[in-house]
1. When you go through Phe221, Phe208 one by one, which is the residue that is in a helix (DSSP H, G or I) and in contact with an Asp or Glu (Cβ under 8 Å, 6 or more places away or on another chain)?
2. Taking the condition surrounded by 14 or more Cβ atoms within 10 Å (Cβ to Cβ) and acidic (Asp, Glu), does Asp244 pass?
3. Could you please find all residues in the stretch 131-153 being within 24 Å of Tyr245 (Cα to Cα), assigned to a loop (DSSP other than H, G, I, E, B) and out of contact with any Phe, Trp or Tyr (no Cβ under 7 Å at 6 or more places or on another chain)?
4. For the structure I just gave you, tell me whether Ser127 is out of contact with any Ser or Thr (no Cβ under 8 Å at 6 or more places or on another chain), small (Gly, Ala, Ser), under 25 Å from Glu237 (Cα atoms) and without any contact (Cβ under 8 Å) to a residue 40 or more places away in the chain.
5. Which condition from (1) in contact with a Leu (Cβ under 9 Å, 6 or more places away or on another chain); (2) modelled with pLDDT of 85 or more; (3) under 25 Å from Met157 (Cβ atoms) is the one that Ala224 breaks?
6. Is there a residue being under 17 Å from Tyr104 (Cβ atoms) and within 23 Å of the chain's Cα centre (by Cα) anywhere in the stretch 220-231?
7. So which residues in the stretch 51-96 are among the basic types (Lys, Arg) and either in a helix (DSSP H, G or I) or crowded, with 18+ Cβ neighbours inside 10 Å (or both)?
Amino acid sequence: MEHGGVKLSRRRNATYKGRPQWKGLLFMLPSLLGVGIFVFLPFLDVIRRSFCEAVTGRFSGLENYRMVFENTAFRLAAQNTLRFVGICIPLLLALSLGAALLLYGQIKYRQALKSAFLLPMAIPVASVVLLWKVAFHSQGLLNGLFHSLNLTQVDWMNSSSAFWVLVFSYIWRNLGYDVILWLAGLASIPSSIYEAAKVDGAGSWQCFWRITLPNLLPSLFTIAVLSLLNSFKVFREAYLVAGDYPHESMYLLQHLFNNWYRDMAFDKMAAAAVVTGIVIFVLVCFLEKAWNVKEEER
């Protein structure tokens with residue numbers, strides 16, 4: 001019986017290994033077709049248009065790229081966008097990780113706190129815009145508070161403070177989302193590792209530095225990429241509050257693309273979109289490379 005069972009098991013394994021590998025590809029085919037038709041092919045057309053004139057469609061070489069890089073508005077928008085991403089992503093990752101570590105120990109109130117963190121994402125954009133206007137208007141709540149405390153009032157949306165309002169809005173809306181992702185990563189770490197480390201005399205900081213952080217590296221890559229992509233969605237609130245031409249400190253690439261689309265400058269839009277896509281691709285590859293290096297060091 002045992003000999004026959006071993007033969008049957010081997011036969012099943014051989015049958016399983018002999019199955020065509022293309023069955024997995026068939027399972028993914030609908031998604032691949034959707035991405036190819038609605039994302040990849042349109043972007044190829046954008047690349048083609050970046051080398052052509054908008055009206056005649058005649059090949060113009062690198063002329064569109066030259067106009068984009070010489071455009072003052074593009075340089076301002078690119079500078080503000082890079083500054084926004086460079087400040088917001090590390091700040092959001094650090095704050096969300098700290099909040100997740102604090103929340104992970106609160107077993108009793110964890111579900112209620114998770115819901116509270118996710119509440120900003122559930123608020124409609126129109127409501128967030130109204131909150132912005134009430135809080136940051138020149139005669140809004142914050143300036144009213146400053147006036148009652150005999151402090152200097154700030155014109156938030158028409159000064160350099162507008163950039164920091166944008167940073168605050170992004171972190172406020174995305175903090176809870178990243179906290180949930182960090183919590184999922186923390187939950188995947190076996191508690192037996194911490195118990196063994198504490199038996200060996202490791203303290204809280206050593207456990208965090210030697211156990212928690214190394215095991216959160218896969219989550220770090222995913223959360224960083226998702227946070228980068230979500231940073232481009234803050235344009236909705238900024239546009240509804242400040243319009244087409246906000247203060248120059250919060251004039252982002254999305255404002256520029258919106259204005260060029262309205263002016264039907266499709267050639268410059270295509271060239272700028274290709275440049276932006278290349279920069280985002282390089283940033284994602286850099287994050288993946290850094291993550292792989294850390295994995296090899298482990």
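The values are calculated or read from the model by the stated rules, or taken from the named source; none is laboratory data. Everything numeric in this text was worked out from a predicted model, so none of it was measured. Using ideal geometry, Cβ is built from the backbone for each residue, glycine included, and neighbour counts are taken over all protein chains shown.
1. Result of the check over Phe221, Phe208: Phe221.
2. Working: surrounded by 14 or more Cβ atoms within 10 Å (Cβ to Cβ): no; acidic (Asp, Glu): yes.
In short, no.
3. His137, Ser138, Gln139, Gly140
4. Answer is yes for this residue.
5. (3)
6. Filtering the stretch 220-231 for residues under 17 Å from Tyr104 (Cβ atoms) gives 220, 223.
Filter once more, keeping what is within 23 Å of the chain's Cα centre (by Cα): 220, 223.
Looking for residues that are under 17 Å from Tyr104 (Cβ atoms) and within 23 Å of the chain's Cα centre (by Cα), one finds at least one in the stretch 220-231, hence yes.
7. Hits for the stretch 51-96 are Arg66, Arg75, Arg83.
Every residue, every condition in (1) surrounded by 14 or more Cβ atoms within 10 Å (Cβ to Cβ); (2) at pLDDT 85 or above, yes or no:
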position	(1), (2)
Phe136	yes, no
Gln139	no, no
Met157	yes, no
Ala162	yes, yes
Val167	yes, yes
Tyr170	yes, yes
Leu181	yes, yes
Gly201	no, no
